[in-house]
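Here the structure is laid out as structure tokens; the discussion comes afterwards.
Readers should treat all values here as calculations from the given coordinates under stated rules, not as data from a laboratory. Keep in mind it's a predicted model, so treat the numbers as computed, not measured. Cβ placement follows ideal geometry from the backbone for every residue including glycine, while neighbour counts extend to all protein chains displayed.
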Protein chains: 2
Amino acid sequence: MTDPAAPTDPAALLGHLAGHPALADRLGGDPARWSVREIGDGNVNFVYVVRGPNGAVCVKQAPPYVRVAGPSWALTPRRVLFEHRAVVEHRLHAPEFVPKPWYVDAESHLLAVDFLEGHTVMRGELVDGALHPHFAAQAARYLADTLFGTSDLALTATRKRELAAFFETNTAMCRIMEDMVFTEIYLPHPRNRWTSPELDDDVRRLRDDTELKLAVSRLKSRYLSSRDALLHGDLHTGSIMVSADGIAVIDQEFACYGPMGFDIGTLLAHLLIGYFAAGAHGPERAAQRAWLLSAVEEVWEGFRARFAELWRTRAAGDAYPAALFDGVDLEPERQRYLDALFAESLGFCGAEILRRVIGFARPDDFTTLKDPATRAAAERRALALARSLVTEPGRYRTAAEVTEAARQA
Amino acid sequence: MTDPAAPTDPAALLGHLAGHPALADRLGGDPARWSVREIGDGNVNFVYVVRGPNGAVCVKQAPPYVRVAGPSWALTPRRVLFEHRAVVEHRLHAPEFVPKPWYVDAESHLLAVDFLEGHTVMRGELVDGALHPHFAAQAARYLADTLFGTSDLALTATRKRELAAFFETNTAMCRIMEDMVFTEIYLPHPRNRWTSPELDDDVRRLRDDTELKLAVSRLKSRYLSSRDALLHGDLHTGSIMVSADGIAVIDQEFACYGPMGFDIGTLLAHLLIGYFAAGAHGPERAAQRAWLLSAVEEVWEGFRARFAELWRTRAAGDAYPAALFDGVDLEPERQRYLDALFAESLGFCGAEILRRVIGFARPDDFTTLKDPATRAAAERRALALARSLVTEPGRYRTAAEVTEAARQA
């Protein structure tokens, strides 16, 4: 492990883990008999499952580059430190939705968290046509609990400034989002990919769409300059594991203080991407399509209700000091705040859909559609809705209006 | 200087300065013959002028408390480090308006900058009835150059995040603003002072004014959560020195990344405070009053023009990437941005006026008015305008509409 470019060999990894008593207890038994398996589904990191008689942990190792791109795309391995701190902070507010961390090592860039038995990646479930009726309510609660809990409504300014200062140094990971979400797809860029030639004209139009590029630039400015809450930072359906009755959120390496609408919008975007992709399948996916649109509504409405409840019952932060509003009904202010957050979320939702159709990181929902004409038709519907969400978010007053627009797209 | 609570004695101070070659060169000659004088006009720090044959420096020493309050009000002496870094960063963009720093010492909490020969404090000039016709154009340029130069329009995200992370740790100084500007005056608080009993009813009404407190809380949330530019953080007329033809901005210890409107609004507030105070004098202050209102208009209009010019000619930041807008006229977007910034600035302007009439730090403009009835009348006019600026900033489309409202108040 002295060569930072080399992924850990299994024996070295086991030796490292055995040296940590809490982790050794967690796995149990003789370390020589632990099993280790590289599961290889990380785009950015190496991921191992290490199993002992008492349990299993998932160990992530960050090489100093992007795994799928190789050493030519350098990336700081310190990203595991930001992921670890985000896990710790989010677990203070939403422990049931974030796997427990066992240890982090700043030298070997290893992070170990509980392995989630019986969980699969949400995006894979969507691609396979599955429905998870419990997903939306839990995702809504995760979003509300983490975003409210790390905001000025919940934290003192002293505590929030300390957190924001730490995450402000997650510069390299934020830069990826700044480039990929808000910039590259609006330019000829070697990383861009799309269904070609079917969408070539759409891509040309997008690059010439000044109204859209201005609206996206305003969203980028918000991403760069607002520090409303500690974001997951990359909350797509590949960052959420599901089981028969629960969800768990992983891959927090893009965590930063930023606008709440970025996390909310990203998740809504991937539910809508799942919906448009499902639309390319036949009638056998009708129930999944209906569920995905209801999930869009439930995520937002559930978030809204939970966030307002937390504000009513757990507002201990320096914003809106309680001493100033004794006996005052703050409910209209909360609804005003949430209306503005909804519009912001829709903007980020649209930007995320656009970059997933045209950019570097195209999701399996679309790429598994093998017929280009069918895929392009689904992607074009997604683009149409996305443009509207970015350029006229104020047109949508409720999530039901968004899902209706998705049906009409 | 080992006892952090003790102000430096002159001999120790001179010994310290003599040990720094650049500074010794600056002052020149034999250190034993330098003169040192405590000028005693700092609220927060001890301030010395040290003079040698070649020149003079101003040395600020931060005790671990607020000077005017004494050791019972503890305050981190690290504030000089934030002041020093803000001076360095602002001088990259506006060197003609910020005195050159010679050295900073993190152990003795000393900061030395060029002494400004022939300069006096702007607030004292206003109290004395003076006019400084060059002031507004230079203040506008200082504001535009420092705020634009430290924003996402000028800096890469990598550079801005590094700066923001550093200044995010200026927690203790920011806390003073959070408390004094946005919170304490709306509560019974032992630090509050006002012209009593004349304004007692006004103060009572203000504490019960839910619409006002909500609007102030929204401004506080922006102060807590936006990182638009590196602010001076306390840009009142006591932080600006003037001479016959120049201005110089000092006392950057409240520097933080925050909303641009906070600096702009604070300066406009103190010009308006000067105007209302001048109104309590007779016709001999008519010219000063007219000048102060024209200065309000000139500061904003000059800022607006200069900021737009910088955006046209020096936009090298990650916001609105130039590559996306080749051949596109961004002027409507600039004007839209500046319209929003004007409204934000008026909100902060109103909040600053309110806390200067009712809070701990009442300005000499008002306190030198010895007749309570006269003073209360001037302060009441200021309160009326301030409430309108905070609760309905959108009502004012131009600075001329604000000055007209000041005349009518």
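Miscellaneous remarks
- Cα-based Rg / Dmax (Å) for segment B:129-277: 17.2, 53
- Where the Cα pairs of segment A:318-368 fall when distances are cut into 10 Å bins, in %: 20, 28, 20, 16, 13, 3
- Cα-based equivalent ellipsoid, chain B: semi-axes from gyration tensor eigenvalues, Å: 33, 28, 21
- Counting, for every residue in B:155-163, the Cβ atoms of other protein chains within 10 Å of its Cβ and taking the mean gives 4.
- For segment B:176-264, a Kirkwood hydrodynamic radius built from all Cα pairs, placed in the Stokes-Einstein relation at 4 °C and 1.567 mPa s, yields a translational diffusion coefficient of 86 µm²/s.
- In nm, spacing of pseudo-spin labels at residue A:198 and residue B:91 (7 Å Cα→C-beta vector): 6.1
- In segment A:83-177, the GluC sites (Glu not before Pro) that fall in loop regions by DSSP, at most 11 other Cβ within 10 Å: A:107, A:117
- Centre-to-centre separation between the Cα atoms of segment A:252-314 and those of segment A:99-158: 14 Å.
- 20 Å binning of all Cα-Cα separations within the protein assembly as shown, expressed as whole percents from 0 upward: 15, 43, 32, 10, 0
- Rg over Rh, two decimals, segment A:220-286 (C-alpha only, Kirkwood Rh): 1.08
- Counting only whole DSSP H helices of chain A, the ones at least 27 Å long by C-alpha along their axis and with mean Kyte-Doolittle hydropathy no lower than -1.0 are A:260-278, A:286-314, A:331-358, A:372-391.
- Debye, to nearest 20: dipole size of chain B, +1 on Lys, Arg Cβ, -1 on Asp, Glu Cβ: 460
- Sorted by Cβ density within 10 Å, fewest first, the residues A:356, B:91: B:91, A:356
- With each label modelled as a point 7 angstrom along the Cα→C-beta vector, the residue A:364-residue B:49 pair spans 7.4 nm.
- Computed from label points 7 Å out along Cα-Cβ, the spacing between residue B:374 and residue B:281 is 1.1 nm.
- Fluctuation leader among B:130, B:322, B:24 - chain B, Gaussian network, Cα springs under 10 angstrom: B:322
- Restraint check, B:160/B:220; A:60/A:213; A:100/A:220, Cα-Cα greater than 29 Å: A:60/A:213; A:100/A:220
- Estimated 222 nm signal from helices in the protein assembly as shown, with DSSP H stretches of n ≥ 4 weighted -39500 (n - 2.57), rounded to 500: -16500 deg cm²/dmol
- Placing +1 on each Lys and Arg Cβ and -1 on each Asp and Glu Cβ, with no other charges, gives segment B:152-282 a dipole about its Cα centre of roughly 380 debye.
- When all alpha carbon pairs of segment B:271-404 are counted in 10 Å bins from zero, the resulting P(r) reads 11, 35, 27, 16, 8, 2, 0 %.
- Residues of segment A:66-104 with amide N under 15 Å of the 7 Å Cα→Cβ point at residue A:39: A:98-102
- Using alpha carbons only, the radius of gyration of segment B:1-108 set against its Kirkwood radius gives Rg/Rh = 0.96.
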